[in-house]
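Some notes on the structure that comes next.
Laboratory data are not the source of any read-out in this text; all were calculated from the coordinates shown. Source: prediction; values computed, not measured. We place every Cβ from the backbone using ideal geometry, glycine too, and count neighbours over all the protein chains shown.
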Amino acid sequence: KLEESKSIVLEEPKGDYQKIKIRQGIETRDKPVKVQGWVHRLRSQKGLMFIVLRDGTGFLQCVLTGKNVQTFDALTLTLESTVEIKGTIKALPEGKSAPDNHELVADWWRCVGKAPGGEDAFTNKVSEGADPSILADSRHLVLRGETASAVLKVRAAVLSAFREEYASMNMLEVTPPCMVQTQVEGGSTLFAFDYYGQKAYLTQSSQLYLETCLPSLGDVFCVQESFRAEKSHTRRHLSEYTHLEAELGFLDFDELLAHLEQLICGTIDRVLANEASAALLQQLNPSFQKPTRPFRRMDYRDAIAWLKEHDVKTDEGKDHEVGDDIAEAAERKMTDELNVPIFLIKFPREIKAFYMKRCPGDERFTESVDVLMPGVGEIVGGSMRMSDSKELFDAYKHEGMDPSPYYWYTDQRKYGTCEHGGYGLGVERFLAWMTNRWTVRECSLYPRWTGRCTP
Ligand code: 4AD
C-alpha cells in the first residue's frame, strides 16, 4: 500500500535551467531546460516512465528514470495532471519516434496539480463516442484533445492570414458595434434585448456600418461576432459566429468577384506557407487541395436548371422553379456533385436582402453572389449595394421597413454616393471546409446553437 509520507522526496537540482515552451525544444537541445505542462499521455515500462507533455505550443516526450519514478507522485500520476520537469532535450536515434524527433531526459520533476483518477478520470469525461450533449457540456475538456486543439490552431492561422491578405490590399480593419437598432438580414433571426428601456438587437451583420466607413477610411473589413436566432438545427448554423466582412468602394460586380477569389486563394497560400499551420492542416485534412482560379461562375437560373435536370427536389419535394430559395440540402448536393468552388450569382430580388443592387437590364435579379464550397455549401454571401437614395427608399417600402432608423445608412447615398459592394464570410464555415469537419460546431471555441449557451 502506498503511503505518501513514507515515499522518496526528490531534491530539486540547483543549476541554471532555462524555462522554455515546448515549441522552443529544437533550438534548446542539449542544454539544461525546464518545461511545464499537462500530462497528455503516460506509459511506464521496466523502471522507465514516459510522459508526453503538452503546453499548448506542442508536445514533448519526457523520460523519467531511477528515483524519479519511485516517488508517491510518480506511482500515482494521472493524465491531465500538471508537472514541471528539468532535464536535457536529446535527439532520438534513428528508428525511434516522438514529437519533433527528440525527448527530454529528466533530471528532476514535480507534480504541480494532480488530476483525479478512477471514476472522475479525464478519459471518462471525454471518451470518444460519448453522448454528443455530454461532450458539448464538456467542451472545456474536449478542447484539450489533439483534434479540437488543432482546429483552433488552424483557426488562429486563418484569421492572421486573412488580416495579412487584407493588409496587402491596403484595406483597414474596423470594429463595428455588436449592439444595434437596425436589422440587415431580416427580422426573423434577430436576438432582441432591452437597452436602457429601448429595443435593441445583437448584430446580424456589420455590413451597414462598413458601408459608412468608405468615405473616410476607404475599403474596410472587420472580424466581428454576428448573432442569428436560427430556428434551423443544421450542421452549419450557429447562433453566434465569427463574421469576416468587407466593403469596397468604386468597383463593379466583376471586380468584387475577382477580389473574393484573391482573398480566398491569397489567404490559403499564406496558411500553407507557414510550416506549423500547413502541418496541422495536413493532419486534419490530408486531401486538402487549394482551389484553382478562376472559380466557376454559375447563374442562379442555371443552378435551378441544373437542379431540375438532376432531379434534386425542394425541401417540399417539388421541382425547383425560378424564384425558389435553394435550400441547404439541394445546394449541398449540387456543390458536392460539381466538387469545385462556385460563385453562384444573380439571385432573384424576392429571396435576397433589401439593399442589393439590381442587375442592369433585369430588375428582377440582383448583383449578388454566394460562394459555395464542396462539403459545406455557402461560405460567403455578398452583393453590390444600391447606390441611389430613391431606389433604397423604394426597397424599404417594398420590405415594409420604417426608413427612419436607417437615416445614417441612407445618408451614404445623399452625401456623395458611389458604386460599392461587399460580403460576409462565415469563419467557422470556411474552417469546416478547409479542415474537413462534419459541423461548424467543431470550428468555434465555445459554439452556441439553438438551446446551447453553455459552457
Ligand atoms: O449571407 P449572409 O446572411 O450575409 C450577410 O449577413 C451580409 N450582410 C454580409 C455582407 O454582405 N457584409 O451571411 C454571410 C455569411 C454566410 O455566407 C455564412 O457563411 C455565414 O455568414 N453565416 C453563418 N454562419 C454560421 N451560422 C449561421 N447561423 C450563419 N448565418 C450566416
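Details
- In order along the stretch 108-124, the Karplus-derived 3J(HN,Hα) couplings, from 6.51 cos²θ - 1.76 cosθ + 1.60 at θ = phi - 60°, round to 7, 8, 8, 8, 8, x, 8, 7, x, x, x, 4, 8, 4, 3, 5, 6 Hz, and Gly and Pro are given as x.
- Dividing the convex hull volume of the alpha carbon atoms of the stretch 129-241 by its residue count gives 147 Å³ per residue.
- Given K153/K318; K31/K125; K231/K357; K313/K352; K31/K290; K19/K153, the pairs whose alpha carbons are separated by over 31 Å: K153/K318; K31/K125; K31/K290
- Counting only Cβ charges, +1 for Lys and Arg and -1 for Asp and Glu, the dipole size of the chain around its Cα centre is about 1840 debye.
- Distance from the stretch 28-72 to the stretch 266-342 (C-alpha centre basis), Å: 45 Å
- A115-A276 FRET efficiency (beta carbon distance; Förster radius 35 Å; 0.05 resolution): 0.80
- Over the stretch 231-387, all Cα pairs binned in 5 Å intervals from 0 give whole-percent P(r) values of 2, 8, 16, 19, 20, 17, 11, 6, 3, 1, listed from short to long.
- Residues whose amide H lies under 5 Å from that of C359, counting only those 5 or more places away or on a different chain, are F365, T366, E367; hydrogens are built 1.01 Å from N in the peptide plane.
- Among L75, V52, P13 the positive-end extreme of the charge dipole of the stretch 4-120 (Cβ point charges): P13
- For the pair E225 and S160, a Förster radius of 22 Å applied to the C-beta separation gives a FRET efficiency near 0.80, rounded to the nearest 0.05.
- Separation of the stretch 121-156 and the stretch 213-229, taken as the distance between their Cα centroids, equals 32 angstrom.
- Using alpha carbons only: equivalent-ellipsoid semi-axes of the chain, gyration tensor based, whole Å: 52, 22, 22
- Cross-link reach is defined here as a Cα-Cα straight distance under 13 Å, omitting same-chain residues fewer than 8 places apart; for K67 the aspartates and glutamates meeting it are E11, E12, D107.
- Mean Cβ count within 10 Å, highest first, over the residues of peptides 421-431, 160-170: 421-431, 160-170
- Zone residues, the stretch 324-366, relative to T410, backbone N less than 20 Å from point 7 Å out along Cα-to-Cβ: 353-358
- Over the stretch 275-357, relative contact order from alpha-carbon pairs under 8 Å, at least 6 apart, %: 34 percent
- Considering only the Cα atoms of the stretch 4-120, their convex hull presents on average a projected area of 7.8 nm².
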